[in-house]
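Chemist: Take a look at the following structure, please.
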Amino acid sequence: MSRINRVEERHVIMADMWHPAVLPVSHRSSFATMSDPVADKSTFLCMYMSNHPDTLVSYVKYWGKVTASVTSAQMNAIDTKGMTLSYKTKDSGDAKKEVRVVFDPPLAGYAEVKPRLLNMKVEAEESLGMTRAPQITTFRMTPRVLQTATLISLLIYTTFSPTPSSPLYSSLFAPGYALQSALSPWVIPSTWGFMSIVHALESLYTLSLCKKHRTGFIVGAQYVLATLVFGYPIFTDMRHQVQAARIDSIMKGQ
């Protein structure tokens, strides 16, 4: 988490849904323009968000990387490129600080304001422990595993293609043996080693997702083992399921 700056300092916060980052700026900037469809309704949106102080606090804490105890927050302005939030902390008393949260990518128009802010709210509250992450209770095998399954099959075929002197040899193995002969002796073992390490690390990441989203032992084991075999398509599809569950939860709560 970033350190808290003095009252007169501002931050630019990258509010990518997966990878927020903080960029300091030395002067006050205005991001709104007359042609900005969101800036035109900034006053209304700020008034509306004043009815959701807990959400604004979560924006400041999570997207703003504020580690201090935030007592209140408000939205001062919003446009297609980002929103400006002011907040108070226990240590600052009545003095306010500001952060600029930049939307990455920028909003395409006014219609994107609600879904973007809702998604940011859900991610912030989950990460801060204010709400529970959506639960994944079923295992789903994505068709995208064909991407890595094809490459793994090719590696297996090349690795175990017999030599012409072997009684198991047939013309079906000729391309595999030719590829074996063309490669340096270290290439195939190194490929196996690299793939094993990467898939093992990806499996650990998948395990963390399973714990976070309370899959249970059976479903979690399926995801971890599938990742160990097929790699990234498994956990990327799982993240898509989580995102869909978040959206469904938001829509049900409306």
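Chemist: Near K96, which lysines are there with a Cα under 23 Å away, not counting those fewer than 8 places off in the same chain?
Modeler: K61, K65, K81, K88, K121
Chemist: Check G82: other-chain or 5+ apart residues with amide H under 5 Å from its amide H, H built from backbone geometry?
Modeler: Under 5 Å from the amide H of G82: F103.
Chemist: Evaluate the relative contact order of the range 145-253 (contact order divided by residue number), counting alpha-carbon pairs under 8 angstrom at least 6 apart; express in whole percent.
Modeler: 24
All of the numbers you see were taken from the coordinates with simple rules; none came from a lab. Predicted, not measured: the structure shown is a model, and the values here were computed from it.
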